Amino acid sequence: MPPDEPTVIEVSIRADEVGERLDLVLSRRELGLSRAAVQQLIEAERIQLDTRKVRASLRMRAGERLVVRPLPPPPSAAIPEDLPLCVLHEDTHVLVVMKAAGMVVHPAAGHASGTLVNALRYRQTVRELEAEATERPGIVHRLDKDTSGVMVVAKTVAAREGLIAQFQAHRLERAYVAIALGSPTALTTFDTTHARHPTDRKRFTGRLAQGKRAITHVRVLERLHMASLIECRLETGRTHQIRMHLSEAGHPLLADALYGRAAREARLVAAESAIGRQALHARTLGFIHPTTQEPMRFEAAPPADFMRALELLRELKPGAV
């Protein structure tokens, strides 16, 4: 096997998966595979089944075992760029940064430069991982382009494996602050499915019967003018999870162009203009250091654009965020 060939994955069918389609079973497991990716692997003959010919619609039987050989990652196209980074912590194995709003985490369609990965390559932060030719060296989780906040980056293979295990087991502490429209319940938990929206492929929804589980704990910190400052703690970390949950509860984030609605009231319009992006900031990240096993916890205050919007909506004297 070539040295850059990904590790083979073996999947044993559980009792609750009997009768389910092969592509659904694999896409629901914590393997990082979408249904489209599963189909691609089938076409490339990189999924094997004990006795039957593999196809996406194949219904699973009790006790069957799937062998999955992920495709090798393409070579990284990210060029090194000298970009500003706010570093909160760095040691031999991990780097913790406060990602600025507007920075994409890794190269993707329409964003070949200006990403966190471009900056990491310039700093030679992820030299050990670049030998694997991955296009996302060191990236073990991500924030949306227009979400600011704390992120951890793996600098070594050992750190990457340790951090990924913690993310998959949902053992990290992740807390966000956000400005949501309206007056959400003071304390609530959203526990829904999470799946691609059936008609708008840029969005996700928690209203479909099938999908992964998404859990967000929400606490109101301060009532504002026609809005609320809230804290969101993640139990799972799905794409757009907070934005999806709040929007479908009728309280979208301020200035969220994808999940929200355009403001019309004067102060909301002013606050929306002040921030110019969804009012979401990853304030706290806690994890166990993947090599020393020491507890690590980092906090970063919301940036100036978030605070300007917050002050415009405050009814009383400013409070602590």
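Please give the helices (runs of 4 or more DSSP H) falling wholly within the stretch 218-321 in which 1 or more residues are under 30 Å from residue 207 (Cβ atoms) and modelled with pLDDT under 95.
Details: elements: 241-248, 266-275, 304-313.
Of the helices (runs of 4 or more DSSP H) lying wholly inside the stretch 218-321, none has at least 1 residues that are under 30 Å from residue 207 (Cβ atoms) and modelled with pLDDT under 95.
Sort out which residues of the stretch 12-37 are hydrophobic (A, V, I, L, M, F, W, C) and at pLDDT 90 or above, and write them in order of number.
Pass one, the stretch 12-37, residues hydrophobic (A, V, I, L, M, F, W, C): 13, 15, 18, 22, 24-26, 31, 33, 36-37.
Result: 13, 15, 18, 22, 24, 25, 26.
Since residue 38 meets every condition but one in (1) in a helix (DSSP H, G or I); (2) within 17 Å of the chain's Cα centre (by Cα), which condition does it not meet?
With respect to (1) in a helix (DSSP H, G or I); (2) within 17 Å of the chain's Cα centre (by Cα), residue 38 is out only on (2).
One line per residue, one yes/no per condition, for (1) part of a loop (DSSP other than H, G, I, E, B); (2) modelled with pLDDT of 90 or more; (3) open to solvent by 60 Å² or more (accessible area, probe 1.4 Å); (4) not aromatic (Phe, Trp, Tyr):
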{"position": "53", "(1), (2), (3), (4)": "yes, no, yes, yes"}
{"position": "57", "(1), (2), (3), (4)": "yes, yes, no, yes"}
{"position": "71", "(1), (2), (3), (4)": "yes, no, yes, yes"}
{"position": "78", "(1), (2), (3), (4)": "yes, no, no, yes"}
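For the stretch 135-157, give me the residue count where each residue is closer than 17 Å to residue 290 by Cβ, in contact (Cβ under 8 Å) with a residue 60 or more places away in the chain and open to solvent by 20 Å² or more (accessible area, probe 1.4 Å). First the steps, then the outcome.
Here is the first cut: in the stretch 135-157, the residues closer than 17 Å to residue 290 by Cβ are 137-141, 150-157.
Next cut, in contact (Cβ under 8 Å) with a residue 60 or more places away in the chain only: 137, 141, 150-152, 154-156.
Checking which are open to solvent by 20 Å² or more (accessible area, probe 1.4 Å) leaves us with 141, 155.
So the answer is 2.
Could you grab me the full set of residues in the stretch 263-295 that are of a type outside the set (D, E, K, R), open to solvent by 40 Å² or more (accessible area, probe 1.4 Å) and under 18 Å from residue 224 (Cα atoms)?
Filtering the stretch 263-295 for residues of a type outside the set (D, E, K, R) gives 263, 266, 268-271, 273-276, 278-282, 284-293, 295.
Still in the running and open to solvent by 40 Å² or more (accessible area, probe 1.4 Å): 266, 269-270, 273, 276, 288, 291-293, 295.
Scanning the stretch 263-295 gives 266, 269, 270, 273.
Please go through (1) under 24 Å from the mean Cα position of the chain (by Cα); (2) closer than 15 Å to residue 154 by Cα for residue 92 and return the number of the only condition it doesn't satisfy.
Against the list (1) under 24 Å from the mean Cα position of the chain (by Cα); (2) closer than 15 Å to residue 154 by Cα, residue 92 comes up short only on (1).
Determine which member of the set 127, 136, 142, 121 is among the charged types (D, E, K, R) and in contact with a strand residue (DSSP E or B) (Cβ under 8 Å, 6 or more places away or on another chain). Step through it out loud before you land on a result.
Working: 127 fails: in contact with a strand residue (DSSP E or B) (Cβ under 8 Å, 6 or more places away or on another chain); 136 fails: in contact with a strand residue (DSSP E or B) (Cβ under 8 Å, 6 or more places away or on another chain); 121 fails: in contact with a strand residue (DSSP E or B) (Cβ under 8 Å, 6 or more places away or on another chain).
So the residue among 127, 136, 142, 121 that is among the charged types (D, E, K, R) and in contact with a strand residue (DSSP E or B) (Cβ under 8 Å, 6 or more places away or on another chain) is 142.
The values are calculated or read from the model by the stated rules, or taken from the named source; none is laboratory data. Being a predicted model, the structure only gives us computed values, none of them experimental. All Cβ positions, even for glycine, are placed from backbone atoms using ideal geometry, and neighbour counts span all protein chains on display. Note: accessible area is taken over every heavy atom of the protein model, side chains too, but ligands, DNA and RNA are not part of it. Shrake-Rupley method; radii C 1.70, N 1.55, O 1.52, S 1.80 Å.
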